[in-house]
Structure formats: structure tokens, C-alpha cells
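Data first, discussion second: the structure below is written as C-alpha cells.
The values are calculated or read from the model by the stated rules, or taken from the named source; none is laboratory data. Note that this is a predicted model, so its numbers are computed, not measured. Note that we place each Cβ from the backbone using ideal geometry, even for glycine, and neighbour counts take in every protein chain shown.
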Amino acid sequence: MFVIIVGGGKVGTYLARALLTQKHEVLVIEKQARKAEWMANILENDITVVGDGCDPLVLQQAGIERADVVVADTGDDEDNLVVCIIARRHSKARCIARVNNPKNKPVFESIDQAQPVITISSTELILDVINEHVNARNYSVITKLDAGNLELIKVVVSANASAKGKSIRNAGFPRSSIVVALEHEGEVVIPDGDTIVSAGDRVILMTRRETREEICGLLSPAAT
């Protein structure tokens, strides 16, 4: 697999090293000659090209047409967006972009609806850890789909839950969520709208990321 990484910082360096270890072909585009030289010394492999990854000519010279994956890993969201747009126009490569401001994710995802850009936001990753481990909510994320926008989560129903004692139909779940399964007293059932939610139940739901907090508020509200 041929991977082009735009941005020769620490993340790009460690990613390049890992890919080289896996025997992939890697090329890194870095604006600053000093950084490119540092990277070559660290990796003991000269896989860097000094140039602006936002320049179509630089990307074409790097071999964008045959790239399997393009990673936009600069510290600037605008630059990463330009890299992804150029990559889409000149190749069939899968694009992965570092997004520093989570509010910019929809812009990246709108580039190509058929094959969306995969966005990685360290801000959101840290917030997820805080929500799961600091806020002491009784939930876990089983898996993520649709570039992280769709989640399969498991929530343990607490004694103070507003949904406790109500049917799934009347519990107030967002319309964008689906209750996939419910574990009650050790038995897993595929619920319907009349299934009652009880304290201690483990509820597995498919939901949009932005409605996760609303669901947790219904099933496992933070202690006050």
C-alpha cells in the first residue's frame, strides 16, 4: 500500500515509522527543510519531499495518482482541507484528515458523500475519555461507524433514571436512536416498543454521536 502523509511533525513521523515497519510504501511531504531532515534522521530513511502539500504540482510529483491513502496531518485545518480536495480530484485514495477544531468536521465530510473523508479530532477523543471515565456515567462505546458519527453504545440503567419503569416507546429516546438489545436479569432480549426498562438493565443502542448525552441523561443521569 502506498501512503502519502502531508505534515512531518511528530505524529507524521511516528505514523511513517509504523507504516514502514509494516512494509508499506510511505512518502512524507513537509514544508520545512529542517523538519524533513530531522525526520529522515529519526527514521534512518529518506522518504521526505520538501514542499507545500497544498500545491497540486507537489502532490502530483509525489505520486498522488497512485496513492492508496492520503493522510492530511498538518496543524492547520484549512491546509488539511485543501490537501483532501486535491487528493479527491487527482486520485481514488482514501483520505484521512486531522481536524483540530471539531466544528470543521462537517466541512471535511461534505467533500465526498460517496466516500467521506475520515476525520480524527484529538479534542473529541479527549472529551470521550473524560465523559466515560470522569463523569462516572454508566455507559461504554462498543463501536463507531460512519467516521465516528454513529455509535453503538451500552448503558446501564441507574436507579434515578427517568426512563426507569417506562416502556421503550414512552422512554423519550431520540428518534435518531434505535434500541438494539436489552439485558434484563442475565437474559438478553430483542425489545419492542412495549418492553419495560428497569434499573440495572443493560441497554444497547445505535445512536448519533450528538444524541449520546441525551440518552445517557435518560438512562444513567449524573449524580447530583
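Scan region 90-97 and tell me whether some residue there is more than 27 Å from E210 (Cβ to Cβ) and buried (at least 16 other Cβ atoms within 10 Å of the Cβ). Yes, region 90-97 contains at least one residue that is more than 27 Å from E210 (Cβ to Cβ) and buried (at least 16 other Cβ atoms within 10 Å of the Cβ). In this structure, A161 qualifies as in a loop (DSSP other than H, G, I, E, B), within 21 Å of R209 (Cα to Cα) and not hydroxyl-bearing (S, T, Y). Taking each residue of region 169-193 that is more than 16 Å from V155 (Cβ to Cβ) and looking for partners that are part of a strand (DSSP E or B) and aliphatic (A, V, I, L, M) with beta-carbon atoms closer than 9 Å, six or more apart or interchain, yields I190/V180; I190/A181; I190/L182. Do we find a residue being buried (at least 16 other Cβ atoms within 10 Å of the Cβ), under 30 Å from R209 (Cα atoms) and not small (G, A, S) anywhere in region 48-70? Checked region 48-70: at least one residue is buried (at least 16 other Cβ atoms within 10 Å of the Cβ), under 30 Å from R209 (Cα atoms) and not small (G, A, S).
Considering region 4-122, the qualifying strands (runs of 3 or more DSSP E), each wholly inside and each with 1 or more residues that are within 27 Å of L145 (Cα to Cα), touching a residue at least 12 places away in the same chain (Cβ under 8 Å) and of a type in the set (S, T, Y), run over 118-120. L15 falls short on exactly one of the conditions (1) among the hydrophobic types (A, V, I, L, M, F, W, C); (2) modelled with pLDDT of 95 or more; (3) under 24 Å from L127 (Cα atoms), and that condition is (2). Among residues that are crowded, with 16+ Cβ neighbours inside 10 Å and assigned to a strand (DSSP E or B), V188 is not included.
Listed conditions (1) of a type in the set (D, E); (2) under 13 Å from the mean Cα position of the chain (by Cα); (3) within 17 Å of G12 (Cα to Cα) are all met by D46, apart from (2).
Just to be sure before I move on: is V156 of a type in the set (V, I, T) and at pLDDT 90 or above in the structure I sent?
Details: of a type in the set (V, I, T): yes; at pLDDT 90 or above: yes.
Yes; evaluated as a whole, the condition is true for this residue.
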